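All remarks here apply to the structure that follows.
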Amino acid sequence: MPKLLRVALRRWWILLLAAAPLLTLGGCAQLGYYRQSLSGHLSLVRSAQPVDDWLAREDLDPELRQRLVLAKSIRDYASSELKLPDNDSYRRYADLKRGAAVWNVVATPELSLQLRTWCYPIMGCAGYRGYFQPDAARELAQQLRQEGLEPYVYGVPAYSSLGWSNWLGGDPLLNTFIRYPDGQLARMIFHELAHQVAYASDDTTFNESFATAVEQIGVARWLAARPDALREDELSRQRQDQIQALLKTTRERLQSVFQSTASDDEKRAGKAEALARMRADYETMKRDQWGGDTRFDRWVQGLTLPALAIQGSYTDLVPDFVHLFERQGGDWERFYAEVKRLAKLPKDERRAALARR
């Protein structure tokens with residue numbers, strides 16, 4: 001086989017795998033899933049144009065212009081100060097004309113916080129499965145429901161191809177998050193770039209918690225020189241942290257119920273009580289501490305068992321990664337090298353090493 005053809009086929013296969021935010025079933029379903037993943041990702045990257053080309057347009061919406069200029073400076077900061085990959089990712093912009101980049105499906109058994117996983121070659125396994133069309137995500141959710149699982153479908157503003165599509169221009173900035181508040185925009189860019197640094201093929205919680213730790217440390221530093229943005233971000237961040245603490249407490253209550261020797265009917269009652277208490281505690285917190293702020297209402301009220309499970313993967317190991325960063329003297333390159341080393345270990349060894357103090 002000619003070398004150029006081999007390279008082209010290898011690139012096609014890598015892109016196909018990387019473009020699928022999630023993993024696969026077998027047979028025809030497998031081929032169909034890969035097909036929608038590849039076509040969806042190619043459509044997304046082909047619609048993107050360099051940020052400088054957008055900024056050169058005289059008719060560009062002024063607000064979008066301001067957001068792109070800001071995103072450009074955030075992207076430069078990510079590589080110069082946080083030592084995140086200096087490549088083409090997030091240096092182009094695309095308007096997808098929709099509210100999400102992909103729609104993810106997660107699922108758990110009725111009485112467990114253990115996420116269903118999907119696996120495919122090279123990339124390993126993950127506790128979620130993504131689609132470029134919401135109808136396809138809802139169809140899978142219905143299938144999982146018929147299997148006795150509890151599914152949850154949610155829109156995702158961005159995903160990472162782990163840097164494997166940089167030869168096509170990289171992962172772009174998107175309309176789905178470009179108008180986020182300053183701190184939130186920086187978090188999104190830092191988080192997704194962090195996925196290009198290290199990836200454990202069998203550990204969603206390791207991967208997402210690492211990226212969350214990078215975004216938290218990085219944004220704190222980025223905001224330090226921007227007092228106006230810092231004040232705006234602090235209130236939102238404080239309330240999000242309070243919600244995450246509430247969700248963690250709820251997961252712990254549910255885990256206690258599920259691991260007990262109670263009957264399934266008793267566990268169902270305990271599950272319903274824990275979820276009802278979560279919502280009641282949220283209402284109390286909103287009333288007594290937030291002055292009635294309703295911005296999180298719809299999201300909190302819609303939380304289900306699988307939604308709580310996937311949320312944990314983004315936060316559960318963050319304190320361990322922050323401690324690891326401190327153990328590396330706050331040196332980004334040393335920190336990344338250690339995370340890469342851990343990612344190659346068996347999962348149990350990885351978790352034990354990460355938790356070491």
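Residues 294, 250, 261: which one is among the β-branched types (Val, Ile, Thr) and in a helix (DSSP H, G or I)?
On the way: 294 fails: in a helix (DSSP H, G or I); 261 fails: in a helix (DSSP H, G or I).
Within the list 294, 250, 261, the selection yields 250.
Among the residues making up region 212-255, those that are surrounded by 15 or more Cβ atoms within 10 Å (Cβ to Cβ), at pLDDT 90 or above, closer than 21 Å to residue 291 by Cα and not basic (Lys, Arg) are 242, 243, 244, 246, 247. The numbered conditions (1) touching a Ser or Thr at 6+ places or on another chain (Cβ under 9 Å); (2) at positive phi are all true for residue 148 except (1).
Are there any helices (runs of 4 or more DSSP H) wholly within region 116-227 with 2 or more residues that are in contact (Cβ under 8 Å) with a residue 40 or more places away in the chain and not basic (Lys, Arg), and if so which? Spell out how you get there, then give the answer.
Working: elements: 134-146, 182-194, 204-224.
Answer list for region 116-227: 182-194, 204-224.
Residue count for region 62-86, restricted to those that are in contact (Cβ under 8 Å) with a residue 40 or more places away in the chain, assigned to a helix (DSSP H, G or I) and buried (at least 16 other Cβ atoms within 10 Å of the Cβ): 8.
For region 297-313, the candidate set comprises residues that are free of Cβ contacts under 8 Å to residues at least 40 places away in the same chain and in a helix (DSSP H, G or I); within that set, the residue that is nearest to residue 268 (Cα to Cα) is 301. For region 122-159, filtered to residues that are open to solvent by 20 Å² or more (accessible area, probe 1.4 Å) and among the small types (Gly, Ala, Ser), the residue that is farthest from residue 90 (Cα to Cα) is 148. One residue is enough: does region 87-104 have a residue meeting the conditions among the basic types (Lys, Arg), closer than 17 Å to residue 304 by Cα and in a loop (DSSP other than H, G, I, E, B)? Checked region 87-104: no residue is among the basic types (Lys, Arg), closer than 17 Å to residue 304 by Cα and in a loop (DSSP other than H, G, I, E, B).
The values are calculated or read from the model by the stated rules, or taken from the named source; none is laboratory data. What you see is a predicted model; the values in this text were computed from it and never measured. All Cβ positions, even for glycine, are placed from backbone atoms using ideal geometry, and neighbour counts span all protein chains on display. For accessibility, only protein heavy atoms count, side chains too; no ligands or nucleic acids. Shrake-Rupley method; radii C 1.70, N 1.55, O 1.52, S 1.80 Å.
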